[in-house]
Structure formats: structure tokens, C-alpha cells
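Everything on this sheet refers to the single structure shown next.
Taken together, the values in this text are just the output of simple stated rules run on the coordinates, not laboratory data. All values derive from a computational prediction rather than experimental measurement. Positions of Cβ are generated from backbone atoms using ideal geometry, with glycine treated the same way; all protein chains shown enter the neighbour counts.
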Amino acid sequence: MFHFIGGKGCWLKRPTGEWMELLSGDAVLIPRGDAHALASAPDAVSTPFPLWRCEPLGTARYDPRAEQSEARHLLLNGSMRFNLDRLHPLFALMPDILRANELMRHEPDTGYLLEALAREMASNRVGGAGIVSRLADVLAAQIIRSWVEYGHNSAEGWIAAVRDRQIGRVLVAMHQHPERNWTIESLAEVMGASRASFAAKFVAVAGSTPADYLRRVRMSQAKLWLSRGKATIAEAAFRFGYGSEASFSRAFKKTIGAPPSHYVRKADAT
């Protein structure tokens, strides 16, 4: 979930129950979409979100409006789908709230994005829906990137692996091309090191073996394909080099916690 405060400030009730004051021009990202509330004051009566009757962005209409003519709160609320799921280590590390203002000292251009977003929301001009949607996408990506690079104090695990230039190149290669027949030799070549040096550094920095990490990446991608009806179990098994559906299904269930047929049924039901 994504919220941008374009007018008078308001309050955000965190998933943990504490209230956080948001100022005009603030933007927050709730990475896992945990339950939360927005209010003009902590003691205000909450209204269920569907009653706001918001218009979706990306259609031919863009109609921001307030329930009362004297209202001074201008909010952009949206949801985004990342091309990864909760299996990704990033989700386990991210806090419940990411706030743009707390990261702006590392990304000074964030301020310009926030100002542009506020102007587009207030003007309601032709083409505003598309512009606001794109600005929100860029802002969300910038918030996450800033947090990965500067906002997380841990020097271990996935964050440390991303920050390491050599291991980071290997992770990018795995995520961009999970279907390739990756071996220790080919991954070491991406890193620019010997097999032994690569394997030792990967485990030390990423906290898992290259094979285990690659399996999680592949099964996460397979889950997306199956749940969206973009591949059959046999096709997913073939793309990732498994000799049979049975061996693929075993690896899938071990990693995801449910058989691939579960996600095929979900796709068929939608």
C-alpha cells in the first residue's frame, strides 16, 4: 500500500497500533499491506476505506474529491503488486512502514517527485491519471532502493549481498534469468572469481548456498506463473530443467510449502 499526503497533514495508525504524524508532502509505503488507518487526529472516528468511493488511476477518469467542501486533506492512496512474493528475503527484512522523508537526505531528488505529485493531484488536468500513476511507481521504487542502500543497518544476509558489488551481480543474473542452466562455474564467471572463492563468499555474504538461493528464486517465479495461468506444471518443470513433473513438484512443495497444483487451481478459479 502507498499513501501520499498532498494537503494538510494527518495521522497514520501503524500495524503495531502506534500513531505516526504525517506532514504535508509526506509519502509512506506499507510493503506487506498490513492493516493500518489514516485519520485527521488519533481520536477521530475511522471510516471504512470502501466508503470513500475512490476512482482508480489508469482509467479514462481521474476524479479526486473530498466528502466535504471544507475538507483540507488531499490523499493519494494506492496499492502496488511487486513481481516477487513473501518468499523473497526482502519482505522479511523490510519494516512495516517506509517513509520517504526519512530517506530524502540520501535521495535529494525525492523532494522534486513529491512536489510534482502534489501539483498533479491538485490540478486535475488532462492526462493527470497517467502522470500520477507513473510518479507513484517511481517514488515507491526510489523509497525501496534508498532503504536497501542506506536505511537498513544489517550487514548480513540478503541486504549485504545486494550491497556487495560482486555478489550483487550474481543475484541480478539469477533473478533476471532464473531459467538458465546455472552452475557454480557460470555464476563464478559472472562474479569474476574462481569457483572456490565464489562459493565461499556467496555463503558468507548471502547466508545460503548458491543452489539454495537459486531454487528459491525459481520456485518463486514458478509460483507466479502457475497462479497467473502463464504456465502449466509441466511447462514450469521444463523451463527450470527438471526431468519430470514429480521432481519439480517435490522441490516446489519443499520451498513454497504447498504443491504446485494448489496454485493451478487458484488460477483456474479466477
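Odds and ends about this structure:
- Net charge of the neighbourhood of I97, taken over other residues with C-beta under 13 Å away and scored Lys/Arg +1, Asp/Glu -1, is -2.
- Where a label projected 7 Å from the Cα of R265 along Cα→Cβ would reach, residues of region 219-242 with amide N under 19 Å: 223-234
- Difference of contour (0.36 nm per residue) and Cα-Cα distance, D34 to V138: 35.3 nm
- Gyration tensor (alpha-carbon) shape descriptor, region 90-249, a/c threshold 1.5: oblate
- Relative packing of peptides 212-224, 173-185 - highest average C-beta neighbours within 10 Å first: 212-224, 173-185
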